[in-house]
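Beneath this line is the structure, given in structure tokens, with notes to follow.
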Amino acid sequence: MDLDLSPKLAKKVYGDDGGSYYAWCPNELPMLRQGNIGAAKLALEKNGFALPRYSDSSKVAYVLQGAGVAGIILPESEEKVIAIKKGDAIALPFGVITWWSNKEDTELVVLFMGDTSKGHKPGQFTDFFLTGANGIFTGFTTDFVKRAWDVDDDTATALIGNQKGKGIVKLDANFKMPEPKPDHRKGMALNCEEAPLDTDIKNAGNVVLLNTKNLPLVGQVGMGADLVRLEGNAMCSPGFSCDSALQVTYIVNGSGRLQVVGVDGKRVLETIVKAGNLLIVPRFFVVSKIADPDGLSWFSIITTPNPMFTHLAGSIGAWKAISPEVLQAAFKIPAETEKLFRSKRTNDAIFFPPPK
């Protein structure tokens, strides 16, 4: 496989007053197209409003920065208006309509990653806007709008032409948007920074898994996700997705070294990853990371709602389950070397603290 696996930054697609929309291009990150994965970011300034839209892809949204309000309308369902903040993960199945707003001074930044296999363009999201200069109202003739919504000429003209913005607009500071309802959050969002840890290794790292148990909607999306935080100089065990899933990783904070090994034992990627980078690990390829002194955290989606991983090092590493004689023969090593190899990493699982 000669694909370019190096991590990439998103590029601005549109936006002006109110905020911007960024996306990763499959021409620059070919694994997006090959894996049918889309990735994008929405950044809203104070009083920024992302106009109502739906997409050709199911997605997982993750709030990278700030706080705001999201409106989510599932098919044949009432609008859910939820408060969102840094660390929130939201599952967005097919057919969902969303809008996003920010009243705070801090920029609201939301990451989207999802499956484009049923989309118009492999590796890219296509959004369909309900309003605005590129909204569906502008495509219909006035008589169709009048007939469909039972309105007069003036109202139809206003619906079609009043909103000149595209995708993102800036609202007047005094405009009142719907207030979020606490009971609407249930089943719609999970804060990964506050959720119970699925794995927590002292001085090494921790992980929160997003699956059908803690956010059932991911079953409809068809993807799972996780938030991993590595302590400074700690290591994440070499491992791979053992259920043929792709892993799409966005670096949230910090930096570190990353290596990926693929077919025939070939190291296909060795690089430094930093906040803002996106990368995709091909199916069954083995990946490992070592954090820099300030630590490293990442948010990943996995293209199955309840992902499974095989780790090759640590107390739950696959090597521990293999017979000593098999290891001796496979590595062509004496029994004492095999015993030394097996005796290591008996207490550490998945994450390894810095060497003493």
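The values are calculated or read from the model by the stated rules, or taken from the named source; none is laboratory data. What you see is a predicted model, and the numbers here were worked out from it, not measured in a lab. All Cβ positions, even for glycine, are placed from backbone atoms using ideal geometry, and neighbour counts span all protein chains on display. For the accessible areas, the whole protein counts, side chains as well, though only heavy atoms, and no ligand, DNA or RNA atoms are used. Shrake-Rupley method; radii C 1.70, N 1.55, O 1.52, S 1.80 Å.
Anything in the range 71-91 that is open to solvent by less than 10 Å² (accessible area, probe 1.4 Å) and within 17 Å of the chain's Cα centre (by Cα)? List them, or say none.
Correct list: I84, G87, D88, A89, I90, A91.
Could you please give the count of residues in the range 141-167 that are part of a loop (DSSP other than H, G, I, E, B), within 24 Å of D16 (Cβ to Cβ) and free of Cβ contacts under 8 Å to residues at least 24 places away in the same chain?
1
Give the residue, chosen from L278, L258, that is of a type outside the set (K, R), in contact with a Ser or Thr (Cβ under 6 Å, 6 or more places away or on another chain) and modelled with pLDDT of 95 or more.
Just one listed residue meets the conditions, L258.
Quick check on my filter: what residues within the range 124-150 are open to solvent by 60 Å² or more (accessible area, probe 1.4 Å) and at positive phi?
Listed by number, the list holds a single entry, D150.
Only one of (1) buried (at least 20 other Cβ atoms within 10 Å of the Cβ); (2) in a loop (DSSP other than H, G, I, E, B) fails for G114. Which number is that?
(2)
Among the numbered criteria (1) outside the structural domain of S255 (by the TED database); (2) touching a Pro at 6+ places or on another chain (Cβ under 9 Å); (3) not β-branched (V, I, T), which single criterion is violated by S288?
(1)
In the range 223-259, how many are open to solvent by less than 30 Å² (accessible area, probe 1.4 Å) and under 30 Å from V96 (Cβ atoms)?
Final tally of qualifying residues: 15.
For the range 312-325, name all the residues that are loosely packed, with under 12 Cβ neighbours inside 10 Å and either closer than 25 Å to S288 by Cα or hydrophobic (A, V, I, L, M, F, W, C) (or both).
Within the range 312-325, A321, S323 meet the criteria.
Only one of F352, F299, F331 is surrounded by fewer than 16 Cβ atoms within 10 Å (Cβ to Cβ) and aromatic (F, W, Y); which?
So the residue among F352, F299, F331 that is surrounded by fewer than 16 Cβ atoms within 10 Å (Cβ to Cβ) and aromatic (F, W, Y) is F331.
Looking at the range 221-230, can you tell me whether even one residue there is at pLDDT below 95 and part of a loop (DSSP other than H, G, I, E, B)?
Within the range 221-230 (the criterion being at pLDDT below 95 and part of a loop (DSSP other than H, G, I, E, B)), the answer is yes, since at least one residue qualifies.
Give the residues of the range 116-147 that are among the acidic types (D, E) and either assigned by the TED database to the domain that holds G219 or in contact with a Lys or Arg (Cβ under 8 Å, 6 or more places away or on another chain) (or both), sorted by residue number.
D127
How many residues are among the basic types (K, R) and surrounded by fewer than 16 Cβ atoms within 10 Å (Cβ to Cβ) when one looks only at the range 180-195?
So the answer is 2.
Hey, A40 hits all of (1) part of a loop (DSSP other than H, G, I, E, B); (2) assigned by the TED database to the domain that holds G68 but one; which does it fall short on?
Of the numbered conditions (1) part of a loop (DSSP other than H, G, I, E, B); (2) assigned by the TED database to the domain that holds G68, the odd one out for A40 is (1).
Got at least one residue in the range 168-190 being in contact (Cβ under 8 Å) with a residue 40 or more places away in the chain, under 30 Å from D294 (Cβ atoms) and under 26 Å from the mean Cα position of the chain (by Cα)?
Yes, the range 168-190 contains a residue that is in contact (Cβ under 8 Å) with a residue 40 or more places away in the chain, under 30 Å from D294 (Cβ atoms) and under 26 Å from the mean Cα position of the chain (by Cα).
Which residue pairs have Cβ atoms under 6 Å apart, sit 6 or more places apart or on different chains, and have a first residue in the range 53-70 that is outside the structural domain of I302 (by the TED database) and a second that is hydroxyl-bearing (S, T, Y) and outside any loop (DSSP other than H, G, I, E, B)?
Sorted first by the residue in the range 53-70, then by its partner, the pairs are G68/S101; V69/S101.
Does D17 satisfy the condition of being outside the structural domain of K266 (by the TED database), touching a residue at least 12 places away in the same chain (Cβ under 8 Å) and surrounded by fewer than 18 Cβ atoms within 10 Å (Cβ to Cβ)?
So D17 passes the test.
Restricting to the range 95-152, count the residues that are acidic (D, E) and over 21 Å from L44 (Cβ atoms).
Number of matching residues: 4.
Mind listing whichever residues of the range 196-220 are touching an Asp or Glu at 6+ places or on another chain (Cβ under 9 Å), open to solvent by less than 20 Å² (accessible area, probe 1.4 Å) and assigned to a loop (DSSP other than H, G, I, E, B)?
Of everything in the range 196-220, just one residue is touching an Asp or Glu at 6+ places or on another chain (Cβ under 9 Å), open to solvent by less than 20 Å² (accessible area, probe 1.4 Å) and assigned to a loop (DSSP other than H, G, I, E, B), namely A204.
When both residues are 6+ apart or on different chains and their Cβ atoms are under 6 Å apart, which pairs have a first residue that lies in the range 260-276 and is within 16 Å of L246 (Cα to Cα), and a second that is of a type in the set (V, I, T) and open to solvent by 30 Å² or more (accessible area, probe 1.4 Å)?
So the pair list comes out as V260/V268; V261/V286; G262/V268.
Report every pair of residues separated by at least 6 positions or lying on different chains whose Cβ atoms are under 9 Å apart, first residue within the range 327-356 and modelled with pLDDT of 90 or more, second assigned to a loop (DSSP other than H, G, I, E, B) and surrounded by fewer than 12 Cβ atoms within 10 Å (Cβ to Cβ).
Q328/P334; P353/K202
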